[in-house]
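The values are calculated or read from the model by the stated rules, or taken from the named source; none is laboratory data. Just so it is clear, the structure is predicted and the values come from calculations on it, not from any experiment. Counting neighbours? That spans all protein chains shown, and the Cβs are built from the backbone with ideal geometry, glycine included.
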Amino acid sequence: MCGIVGGIAQRNIVPILLEGLKRLEYRGYDSAGLAVINDGIIYRKRELGKVKGLEDLLQLDPIFGNIGIAHTRWATHGKPSTANAHPHLSQDKVAVVHNGIIENHEQLRTSLKESGYVFTSETDTEVIVHQIYQAMESTDGFLNAVKLAIKSLEGAYALGIMSTFEPNTLVACRKGSPLVIGVGIGEYFIASDVAALLPVTQRFIFLEDGDIASITIDSVVIYNVDGDEVSRPIKESQLTADSVDKGDYRHYMLKEIYEQPFAISQTLEGRFINNRLEESSFGHNASEVFDSIKSVQILACGTSYHAGLVARYWFEKIARVPCQI
């Protein structure tokens, strides 16, 4: 599961991108990279291995910029390598980070090669960035090029895109993969998970499926799947930067284990009246929904499978509802 972070601000964006990537480390990854635009040029750094390796690389050869995108990659198409790490570029003019899978990437790759595009990676993501550059040759404006290019994509994606053609605009697209916009004071950010942005904001816009957002230093304009401009609410997160940090624990799994009692009690707080859990906690029509349930099916793997085994016991013993996992 890849991680995306991006932003546009009135300060150097690189430290924010790096901190965001560190907070997405729980997703697992094999490489990391980031890119910024400065004085009309895209500067990119990529490194195999941990985010710390990318951070060390940037200390030796720093880059700066007010707009940038960053990524942690878990290999799907193409082996773990620096060449396959994101961001990917087209003609050094467009940069993309991507979470998801493009199902028709082979057909698009063949077509792009026939048009003269040279590929430097094995990834499906590089197809996206070349599609956008190609679209810019036949349409007016960066945003319109993105809209045209993604029409050719089949599959799921969350995208962060920037271009030297419009160096003060960050574009975010969501289809099937989560993506949020962080709202700061005179700055905006994007990420796969709110956890990545909690050090800089607790206000978020959650993009809906099919949304495309055009983000500048002053504004966010969002278009839905039909191309209509829409308004999405800004929501305040109750999470804090400390709550998603692993703190003194050696890894996130250990943190989750030890935090379970507190997490459960906090979740149930205010939902018990006279030692009974209020059905209204589950929604307005909870009683009717619960009465209609004949069985429960749980899909899980890894440690979630173990949690599912416990849940099955509770469903069958307490709720008297058959459960399969």
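Residues that are surrounded by 10 or more Cβ atoms within 10 Å (Cβ to Cβ) and on the phi > 0 side of the Ramachandran plot within the range 260-305 comprise just one, Gly283.
Return the residues of the range 28-47 that are under 20 Å from the mean Cα position of the chain (by Cα) and not aromatic (Phe, Trp, Tyr); say none if nothing qualifies. Within the range 28-47, Gly28, Asp30, Ser31, Ala32, Gly33, Leu34, Ala35, Val36, Arg44, Lys45, Arg46, Glu47 qualify.
Evaluated against (1) in contact with a Ser or Thr (Cβ under 8 Å, 6 or more places away or on another chain); (2) free of Cβ contacts under 8 Å to residues at least 12 places away in the same chain; (3) charged (D, E, K, R), Arg46 falls short on exactly one condition, (2).
Residue-level check: of (1) crowded, with 24+ Cβ neighbours inside 10 Å; (2) within 17 Å of Asp193 (Cα to Cα); (3) of a type outside the set (Gly, Ala, Ser), Leu18 misses just (1). Do you know which of the residues in the range 35-53 that are at pLDDT 95 or above and in contact with a Pro (Cβ under 7 Å, 6 or more places away or on another chain) is nearest to Ala196 (Cα to Cα)? In this case the residue turns out to be Ala35. Scanning the range 228-248 turns up at least one residue that is in a loop (DSSP other than H, G, I, E, B) and more than 25 Å from Ser177 (Cα to Cα). Checked against (1) within 25 Å of Ala145 (Cα to Cα); (2) at pLDDT below 95, Leu89 passes all but a single condition, namely (2). Close contacts from the range 307-325, counting a first residue that is loosely packed, with under 13 Cβ neighbours inside 10 Å and a second that is of a type in the set (Lys, Arg), with Cβ to Cβ under 8 Å and a gap of 6+ residues or different chains, come to Gln324/Arg312. The set of residues in the range 178-216 being surrounded by 22 or more Cβ atoms within 10 Å (Cβ to Cβ), part of a loop (DSSP other than H, G, I, E, B) and touching a Lys or Arg at 6+ places or on another chain (Cβ under 7 Å) consists of Leu207 alone.
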